Amino acid sequence: MSSTESSKHEGFTAEERAAMKDHAQELKAAARRSSRAEKAAEAERDVLTKIAEMQDSDRIMAERVHAVITVSAPVLAPKLWYGMPAYALDGKIVCFFQSAEKFKARYATLGFSDQAKLDEGTMWAAGFALTEVTAEVEARIGALVKQAVS
């Protein structure tokens, strides 16, 4: 690699650094909470607050995704993960909503971690671009999260 190629690496973007800072704050907040019920209630409030702070189209999609996930897979616990609404099973993230605004992308993303049981042969989708959450998309999200926790 030439010195020109190596000098192009600029490290983390401002958005990535902000996400890491969010995650550190989330861990500190979780450590301060006392009871399990209190932790769950506050974690869900944190998720709803984060969703409410999003810009219109991201907020509308995130609200619908949140509603579908909480109804379709009530075993998943809402929590913030790197400043994004996420849903965990036994403390491990299964899926998350990434707003388009957060990383200056042209679409929002519904992502799944390796904890999600979406395995299909030797290759399967672990992320889905969202530009609108229609009834059809809600049904697909519901089916995916049910499968993810099955």
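Values as computed for the structure displayed
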| quantity | calculated |
| --- | --- |
| Residue match in region 127-136 (condition: in a loop (DSSP other than H, G, I, E, B) and charged (D, E, K, R)) | yes |
| Test: residue in region 123-132 that is at pLDDT 95 or above, in contact with a strand residue (DSSP E or B) (Cβ under 7 Å, 6 or more places away or on another chain) and among the hydroxyl-bearing types (Ser, Thr, Tyr) | no |
| Selection count, region 74-101, where residues are under 18 Å from Val133 (Cα atoms) and outside any strand (DSSP E or B) | 3 |
| Counted residues, region 41-58 - those being free of Cβ contacts under 8 Å to residues at least 12 places away in the same chain and not acidic (Asp, Glu) | 4 |
| Qualifying residue in region 33-44 (condition: at pLDDT below 75, more than 16 Å from the chain's Cα centre (by Cα) and surrounded by 11 or more Cβ atoms within 10 Å (Cβ to Cβ)) | yes |
| Residue match in region 59-73 (condition: of a type in the set (Asp, Glu) and in contact (Cβ under 8 Å) with a residue 24 or more places away in the chain) | no |
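The values are calculated or read from the model by the stated rules, or taken from the named source; none is laboratory data. All values derive from a computational prediction rather than experimental measurement. Note: ideal-geometry Cβ built from the backbone for every residue, glycine included; neighbour counts use all protein chains shown.
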